[in-house]
Amino acid sequence: MSSTIITQFLQDHTTWLIGGLVAAVSALWVSYNRRLQPLDFPISMDDQSVEIEPGVRASKFAADGKFVEYFYEDAKTTHEAFVRGIKQSKNGPCIGTRKPASKTYDWVSYQEVYDRSQKVGSALVQLGLPPKDETFIGIYAPNCLEWVISEEACSMYSMVVVPLYDTLGAEACEFIINQTEMQVVICDKGPKAENLLHTDKPMTSLKHLIVIEGSTLTKEIIEVGRQHNVIIQSFDDVMKLGAANLKAPVPPKPETICTLCYTSGTTGNPKGVIVSHKAMVANIAGCIVHHNDKMEICPNDTHMAYLPLAHMFERLNHLMFFMHGAKIGFNCGDIRLLLDDLRILQPTVFPTVPRLLNRIYDKVQQGISKSWIKRAIFNLAMNRKMALLRQGIVTNKSIWDWLVFGKVQKVLGGRIRGSAVGSAPISGNVLNFIRCSFGCYVFEAYGQTEVTAAITMTLPHEMETGHVGPPIPCCHVKLVDIPEMEYYAKDDKGEVCVRGSAMMNGYYKDPEKTKEVIDDEGWVHTGDVGQWLPNGTLKLIDRKKHIFKLAQGEYIAPEKVESFYIRCPFVAQIFVDGDGLETYPVAIVIPDVEHAIPWAKKELGLELTMETLCKNNDVKKAILEDLIAKGKEGNLKGFEQVKNIYLSPDLFSVENGLLTPTFKAKRPSVRKVYEKQIQELYKQENAKNSVH
């Protein structure tokens with residue numbers, strides 16, 4: 001046959017060929033499926049939690065509703081957990097790092113991390129800091145090996161880690177240092193250390209600044225420190241001091257304070273959440289029991305640590321891996337190269353946030369949209385994998401993984417067997433896509449810093465979406481009435497309140513705010529609004545803290561509205577806001593460039609940049625119409641729907657101060673940045689209404 005005849009044959013018989021392929025694959029699927037057995041799970045997905053008191057629900061894995069406090073007898077503090085990791089790993093690799101140009105990771109062993117930590121801790125004691133939990137050590141650096149060494153040094157000598165981070169702002173960092181009477185801050189670079197000294201109020205307690213990257217220290221920076229009576233020296237010099245004056249560890253007790261984690265994103269000064277070693281270990285123990293051996297971590301496991309260690313989610317991930325002697329690799333420092341990091345590291349467990357998973361999902365959807373054949377095969381594969389998941393079969397070895405999902409799996413390195421998703425809601429479509437395409441357990445978690453981290457988590461065999469699972473075994477959860485929002489516990493709706501073994505001790509030196517959050521019975525009031533579903537899982541439906549009232553007296557929960565609008569393919573990020581003098585909300589929208597620009601080319605015949613796209617009225621009209629449609633699908637009330645939007649080309653980010661380290665919008669900051677645009681939106685809409 002000539003090439004022309006072959007081409008014609010393929011064109012004439014495309015449907016027949018596809019049908020044959022589907023039939024062949026389906027036959028193989030049936031044969032393979034017979035060999036797969038669903039994994040046993042001890043509780044029914046229709047009944048996932050238990051009511052232990054009227055209105056109070058607990059985990060079915062907690063004996064008689066008792067709180068889990070620890071999982072291993074030899075790991076009741078974070079220090080003991082790390083020592084356990086040395087034994088479990090047989091002094092295997094602990095922390096891995098790589099430079100952007102390198103194709104491999106360099107590893108430091110557990111014992112080497114321990115030894116360096118002892119040197120740093122000894123140096124701190126030698127500098128005059130007492131080894132007790134009234135000694136606060138600031139760490140002002142991105143994720144790195146020295147962060148881990150510094151944290152373990154504090155744990156080894158019963159000192160308290162206080163993370164500082166850029167999005168707190170200079171004024172907040174100054175407040176924290178003064179409130180804790182902090183004497184030592186460990187920084188990544190010399191200029192950052194110097195900037196700490198340029199404050200409005202004197203920080204009389206500060207005596208030492210330790211710089212991780214010694215090459216960034218200059219004589220001028222050291223001199224600035226001297227002028228402020230602060231000694232600035234390199235991390236290496238501090239380790240040498242400790243090596244010359246090595247001291248025996250002074251390990252903490254479970255009740256010892258482990259960390260002060262200052263929350264950002266609210267008005268006023270940040271609040272220092274007091275977290276004990278007991279709370280840290282209890283939260284991890286609760287997660288382990290909740291997994292019911294389906295996600296047992298071992299020394300062969302590897303974790304990619306790209307989420308900030310200043311956030312409790314990542315701190316708990318580290319504790320989980322250290323406790324089991326597993327490996328942790330850091331990204332190379334450039335978030336744009338994260339996928340390269342993942343392909344090289346090949347993690348097995350991947351705690352993450354929805355933003356990255358949304359990007360992977362969007363990329364795949366964009367790829368299959370260009371071919372109906374690809375789309376048909378992909379949808380068939382998704383349906384078949386979902387059928388397996390509903391049977392409790394979790395696998396990445398099916399014919400569909402070989403045929404369709406293999407390329408997707410390689411995006412994260414090809415070895416993922418489990419993923420925990422937290423910090424923000426994730427859509428059901430994306431969640432199911434991740435479960436099917438990666439063929440792994442995916443846990444959606446809900447939590448707060450005030451409860452150390454996790455409160456509820458979906459179970460390993462959960463395949464339904466739209467909820468965040470039952471309580472984990474270290475927590476009890478109840479809902480309380482919010483009359484002003486018409487939520488009542490009798491209707492299984494109300495503010496989520498938590499008690500248990502992983503609760504904070506309170507806010508540091510702030511009894512008034514502590515009393516606002518922890519009631520007389522020891523319940524932490526989260527400010528989130530939840531609903532109990534018939535299967536005993538918790539669904540988050542609203543937010544109490546960020547509500548505002550419109551002119552007609554109606555309340556708006558902007559995060560609830562945003563949760564529907566973010567499903568619009570045009571939208572990368574959205575911020576809904578309102579004015580008490582107006583009757584409707586408005587929004588700032590950052591368009592999704594990967595959807596909006598191709599749409600403009602196809603539908604409007606325009607070649608647009610992000611900047612010109614945001615100024616185009618036809619694009620704005622299309623996005624607004626799609627937002628309203630998504631709101632109607634979500635049964636938003638008329639007064640909840642936005643009436644006008646402003647398109648901005650600039651993404652909210654941690655770097656520009658508009659996102660918290662947990663990737664949530666810093667609402668006061670966003671409102672301040674876009675104040676003029678929000679006012680203009682109301683002027684435009686009111687002028688239009690006055691004409692009509």
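The values are calculated or read from the model by the stated rules, or taken from the named source; none is laboratory data. This is a predicted model, so every value here is computed, not measured. Cβ sites come from the backbone with ideal geometry, for glycine too, and all protein chains shown count toward neighbours.
The strands (runs of 3 or more DSSP E) located wholly in the range 442-518 that include 2 or more residues which are closer than 30 Å to Gln409 by Cα occupy 454-457.
For Lys103, the test of being within 20 Å of Val238 (Cβ to Cβ), surrounded by fewer than 24 Cβ atoms within 10 Å (Cβ to Cβ) and touching a residue at least 60 places away in the same chain (Cβ under 8 Å) is failed.
Here the condition is being within 20 Å of Leu356 (Cβ to Cβ) and either of a type in the set (D, E, K, R) or in contact with a strand residue (DSSP E or B) (Cβ under 8 Å, 6 or more places away or on another chain) (or both); of Ala587, Ala665, it holds for Ala665 alone. Only residues that are touching a Ser or Thr at 6+ places or on another chain (Cβ under 7 Å) and not aliphatic (A, V, I, L, M): list them for the range 565-610, please. The one that is touching a Ser or Thr at 6+ places or on another chain (Cβ under 7 Å) and not aliphatic (A, V, I, L, M): Arg567.
Those strands (runs of 3 or more DSSP E) of the range 226-278 in which 2 or more residues are touching a Cys at 6+ places or on another chain (Cβ under 6 Å) and farther than 16 Å from Val184 by Cβ occupy 271-276. Might you let me know whether the range 138-157 holds any residue that is within 16 Å of Val238 (Cα to Cα), outside any helix (DSSP H, G or I) and under 28 Å from the mean Cα position of the chain (by Cα)? Yes, that holds for at least one residue.
If you go through the range 358-378 and pick out every residue that is crowded, with 16+ Cβ neighbours inside 10 Å and of a type in the set (A, V, I, L, M, F, W, C), you end up with 5. For the range 522-553, residues that are crowded, with 18+ Cβ neighbours inside 10 Å, in a loop (DSSP other than H, G, I, E, B) and either among the hydroxyl-bearing types (Ser, Thr, Tyr) or at pLDDT 95 or above (or both) total 3. Selection of the range 269-282 for residues being touching a helix residue (DSSP H, G or I) at 6+ places or on another chain (Cβ under 6 Å) and either surrounded by fewer than 17 Cβ atoms within 10 Å (Cβ to Cβ) or at pLDDT 95 or above (or both) yields Asn269, Val273, His277, Met280. Looking at this structure, is Pro142 farther than 23 Å from Glu255 by Cβ, surrounded by fewer than 20 Cβ atoms within 10 Å (Cβ to Cβ) and outside the structural domain of Pro661 (by TED's automatic domain parsing)? Here the answer is yes, as Pro142 does meet what is asked. The condition (being of a type in the set (Gly, Ala, Ser) and surrounded by fewer than 16 Cβ atoms within 10 Å (Cβ to Cβ)) is satisfied by just one residue among Ala381, Ala387: Ala387. The set of residues from the range 230-268 being loosely packed, with under 15 Cβ neighbours inside 10 Å and at pLDDT below 95 comprises Thr266, Thr267, Gly268. Within the range 430-440, one or more residues are of a type in the set (Lys, Arg) and part of a helix (DSSP H, G or I).
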